[in-house]
Amino acid sequence: MDNNVTLNSAAGVGLKKTKMGLLTVAFMIFNLCAGGCFGIEEMVSGVGPGMTLALLLVIPVIYGYPIGLMCAELGSAIPDEGGFYEWPKKAFGEFWGFQAGWWRTIATYIDNTLYVILAGTYVMYAFNLTPMQGYMVKVACITVFIVINLVGLKEVGVMSSVLATLVLVAFTTVAIVALFHLNVNPVDPFIPPDSSVTESLGTGLAIAMWCYCGYESMSSLAGEMENPQVIPKALVIAIPAIAFIYIFPTITSVSAIGHWDEWAVDGGYTYATVLETFLPAAIGGGIAIVFAFVAVAANLGIYNSYVASGSRGFFVLAKDNLCPRFLAKVGKRSGVPYFAVILMGITNAILCLFAFEAVVVIDVFVYMFSQALTQFAGIKLRRMIPVAERPKETFRIPFGEKGFVAVAIVPLIVIAVALYINGTDYFIGGIIGVVSGPIAYIVFKRIYKGLYVNDPVNHPINPRTKLGVGDLKHISNMLFIIAAIALVGAFFLPFYEGSWANGYVSDMAEVTDYGYTEDEWTTLANGDIWIKGYYEGIYGPKDIFGTMILAIRLTVPIAAVAGIILRLYDRRTRKALEVA
C-alpha cells in the first residue's frame, strides 16, 4: 500500500480530540447542509411550484446523495482534518489540493456571511430596527458564535443539536398541520405562465444545488474527532433528514395554502401562513414572531457550524505552509485554531456592510469547482487505494465499480450544466473567483514554500520559478480548462440568454435611455447580433451583455496562449534543471 496516500497528514497535529456522538454529528451535518426551508418561498413563486418540487426531489438523487456518498467513502478511507483539501492533494498533488482548499474556503467565508445577514434582517423587520441597529445585531451574532467556536468543538456540536432540533420540530409541525388541509394540486402550474422551462430550470437549479450542498463540510473537522468514522454513519442519517425538511413541508404547504405566485419571504405567503391560517386564532396570531425566531435560529445554526468547518480550511493550508503560518496556531486549552476562527468573524463582519449579491456570484461558481475536484479525487483514490486494501470498518459506496463511477460522474454532469445556466454575470464572476486560486497559490508558494518545507525530497522547488517542480504545467492545465469553459460559454450564453439581455441593463433603466425604441431593443436582443452590433459600434459601451460576451470570448485566446507559453517555459526550466 502507498503510505504517501494512506497515512494521515500533519494537518491534525495540535488539535484537541473531541468525543462526539452519532446524533451530534448528524445534527451538525444537517446545519451544514440545510437549516430549514427558509428561502424556498421565493423559489415557489419564481420558478413555479411544479419545477420547485421536481428539483427538490431530483437534485438530492442526482447531486446531493451521490456527493454525500463520495464524501462518506473518502472521509472514511482518509479521515484527515480538512478532507476537502486533503483528498485532492493526495490524488493530484499540492497544486490541485490547494485549489480545492482555497476555492472551498473562500466560498465558505463569503457564503457564511449570508446567514448572518438573513438572521439580522429577520430581527430588523420583527423589531423595526434602523440599519445601524441591524448591523450591530449582526455583529453581536457573529461575536457570540465566534466565542462558542473558540471554546471548543464540543460546544459547537451542542449548540448545533439544539438549533437543528428546533428547526426540525417547527417544520415538521407545519407539514403535519398542512397535511390535514390539502386543497390544491401542488405542482400546478409546473412553471409560471410567462416563463419557459429553460428559464425556470436555470433559476431553480442553482437554488436547489445550494440547498443540497455542504456534505463534505464535516470532513474539515475529522482530525479533531476521537472517532472520525462516525461521520459517514451520520451522513446516512442526515441525508434523508435534509431531503425530508425541504420536500414534505413544501409539498403539503403549497397544497394547503395555494396562491403559489404570492409566496415570498417578505410580505407574501410563507410556511408560517399554514399555522396562522389553520390553527386557532389565539395560537396562530403570534406564530409570525415564533417563526421569525426559528428563522433566526436556523440561520445562526448554519453559521455556527460553518465557522467551525470553514475556519479549518486556512488552518490545514497553513499547516502545509501554503498560507500565513499564524493561521495554524492552536489554543492550548481549547485545541481550536483560534486565529483562523477570529479571521472568519472579522471577514463576516466586514462583508455584512456590503450588498451581498455581488460576492455571491463568485461563491456559487468556485464552490462547484471545488466539489468537482472532490469527485475526480474520489475516482483517482479508488484506484490508488483499492477497497481490498482498506480497513474493513471503512465505508465504501455499495454499488460495485460501475456504480461507483456513476456516483462520481452524475454530479459532475449537473455541475457542468449549472455552470452555464446561472447567468452570464455569474459566469464571469465565477471565472474571476476560479482564477484567484492559481494566483493565490503562486503568491503563497513563493513566500512560504509549501510542502517543500516538510518534505523537500518529494516536493522539490524549481530555483528559477520559486514554485514546485511541475507547477507551471499544472497552472498551464488550469488555463486550458478555463479557455475550454469560456469557449463553450462564448457560444452557448448568447443563444441561451439572448432574449433576456435587457435584464443586464443598469438598474431600472428604460431601453429608450440608450437611444433605442422598444422595438429596436427587442430586435437587437436576439442571438449573436449583440456581438455583431458591438463590433459595428451600434450600441457603444452601454451594451452590457455584449461587453460581457466579448470579455468571455477574449478569455479563450488569452488563457490558451498563456497556457502554451507556460507549458513551453516549464519544459525549458526542467531541461535546465536536468543539465545542472
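The values are calculated or read from the model by the stated rules, or taken from the named source; none is laboratory data. Small disclaimer: the values here were computed from a predicted structure and weren't measured. Reconstructed Cβ throughout: ideal geometry from the backbone, glycine too, with neighbour counts over all protein chains shown.
Is at least one residue of region 3-17 modelled with pLDDT of 80 or more and in a helix (DSSP H, G or I)?
no
Against the condition surrounded by 17 or more Cβ atoms within 10 Å (Cβ to Cβ), in a helix (DSSP H, G or I) and not small (Gly, Ala, Ser), how does PRO240 come out, does it pass?
Considered against the rule, which asks whether it is surrounded by 17 or more Cβ atoms within 10 Å (Cβ to Cβ), in a helix (DSSP H, G or I) and not small (Gly, Ala, Ser), PRO240 comes out as no.
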(request) Might you let me know whether region 455-467 holds any residue that is assigned by TED's automatic domain parsing to the domain that holds ALA551, crowded, with 20+ Cβ neighbours inside 10 Å and not in a helix (DSSP H, G or I)? (result) yes
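Can you give me the number of residues within region 311-357 that are within 19 Å of ALA119 (Cα to Cα), of a type in the set (Gly, Ala, Ser) and assigned to a helix (DSSP H, G or I)?
Summing the residues that are within 19 Å of ALA119 (Cα to Cα), of a type in the set (Gly, Ala, Ser) and assigned to a helix (DSSP H, G or I) in region 311-357 gives 2.
Which of the following residues is out of contact with any helix residue (DSSP H, G or I) (no Cβ under 7 Å at 6 or more places or on another chain), assigned by TED's automatic domain parsing to the domain that holds ALA234 and at pLDDT 85 or above: TYR63, TYR135? Don't jump to the end; show me each part of the working.
Working: TYR63 fails: out of contact with any helix residue (DSSP H, G or I) (no Cβ under 7 Å at 6 or more places or on another chain).
Going through TYR63, TYR135 in turn, the sole match is TYR135.
Out of all the residues in region 38-56, is one or more under 30 Å from GLY268 (Cα atoms) and modelled with pLDDT under 75?
Of region 38-56, the ones under 30 Å from GLY268 (Cα atoms) are 38-56.
Still in the running and modelled with pLDDT under 75: 38-39.
So far as region 38-56 goes, yes, one or more of its residues are under 30 Å from GLY268 (Cα atoms) and modelled with pLDDT under 75.
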(request) Filter region 81-133 down to residues that are among the hydrophobic types (A, V, I, L, M, F, W, C), over 28 Å from MET225 (Cβ atoms), out of contact with any His (no Cβ under 6 Å at 6 or more places or on another chain) and in a helix (DSSP H, G or I), then give me how many there are. (result) 7
(request) Scan (1) surrounded by fewer than 15 Cβ atoms within 10 Å (Cβ to Cβ); (2) part of a loop (DSSP other than H, G, I, E, B) for the single condition ILE397 breaks and write down its number. (result) (1)
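Condition test on ILE242, is it more than 30 Å from ARG396 (Cα to Cα) and modelled with pLDDT of 80 or more? If you could, list the steps in order and put the result at the bottom.
Details: more than 30 Å from ARG396 (Cα to Cα): no; modelled with pLDDT of 80 or more: yes.
So ILE242 does not fit the description; no.
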(message) Cβ-Cβ under 9 Å, sequence separation 6+ or interchain: first residue in region 163-177 and on the phi > 0 side of the Ramachandran plot, partner surrounded by 15 or more Cβ atoms within 10 Å (Cβ to Cβ) and hydrophobic (A, V, I, L, M, F, W, C). Which pairs?
(response) none
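Taking region 147-168, which residues are over 23 Å from the mean Cα position of the chain (by Cα) and at pLDDT 80 or above? Give the steps one after another, and end with the answer.
So the first thing to find is which residues in region 147-168 are over 23 Å from the mean Cα position of the chain (by Cα), and the list is 147-148, 150-152, 154-155, 158, 162, 165-166.
Answer for region 147-168, where residues must be over 23 Å from the mean Cα position of the chain (by Cα) and at pLDDT 80 or above: VAL147, ILE148, LEU150, VAL151, VAL162, THR165, LEU166.
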(request) Please work out which one of (1) crowded, with 17+ Cβ neighbours inside 10 Å; (2) at pLDDT 80 or above; (3) out of contact with any Leu (no Cβ under 8 Å at 6 or more places or on another chain) is the condition TYR426 fails and give its number. (result) (2)
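Each row is one residue, and each column tells you yes or no for (1) surrounded by 24 or more Cβ atoms within 10 Å (Cβ to Cβ); (2) at negative phi; (3) small (Gly, Ala, Ser).
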{"site": "LYS89", "(1), (2), (3)": "yes, yes, no"}
{"site": "PHE92", "(1), (2), (3)": "no, yes, no"}
{"site": "ALA100", "(1), (2), (3)": "yes, yes, yes"}
{"site": "THR108", "(1), (2), (3)": "yes, yes, no"}
{"site": "GLY120", "(1), (2), (3)": "yes, yes, yes"}
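Quick one: which of SER436, SER370 is under 17 Å from PHE84 (Cα atoms), touching a residue at least 12 places away in the same chain (Cβ under 8 Å) and outside any loop (DSSP other than H, G, I, E, B)?
On the way: SER436 fails: under 17 Å from PHE84 (Cα atoms).
From the options SER436, SER370, the qualifying one is SER370.
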(request) List every residue pair whose Cβ atoms lie under 7 Å apart, where the two residues are 6 or more positions apart in sequence or sit on different chains, the first residue falls within region 469-495 and is closer than 11 Å to ALA560 by Cβ, and the second residue, located anywhere, is in a helix (DSSP H, G or I) and of a type in the set (Lys, Arg). (result) SER476/ARG567
(request) Search region 391-417 for residues that are under 23 Å from ILE231 (Cα atoms) and pair each with any residue that is not in a helix (DSSP H, G or I) when their beta-carbon atoms are under 6 Å apart and the residues are at least 6 apart or on different chains. (result) PHE404/ILE397; VAL407/ILE397
(message) Return the residues of region 468-499 that are modelled with pLDDT under 85 and either surrounded by fewer than 15 Cβ atoms within 10 Å (Cβ to Cβ) or among the basic types (Lys, Arg) (or both); say none if nothing qualifies.
(response) PHE495, SER499
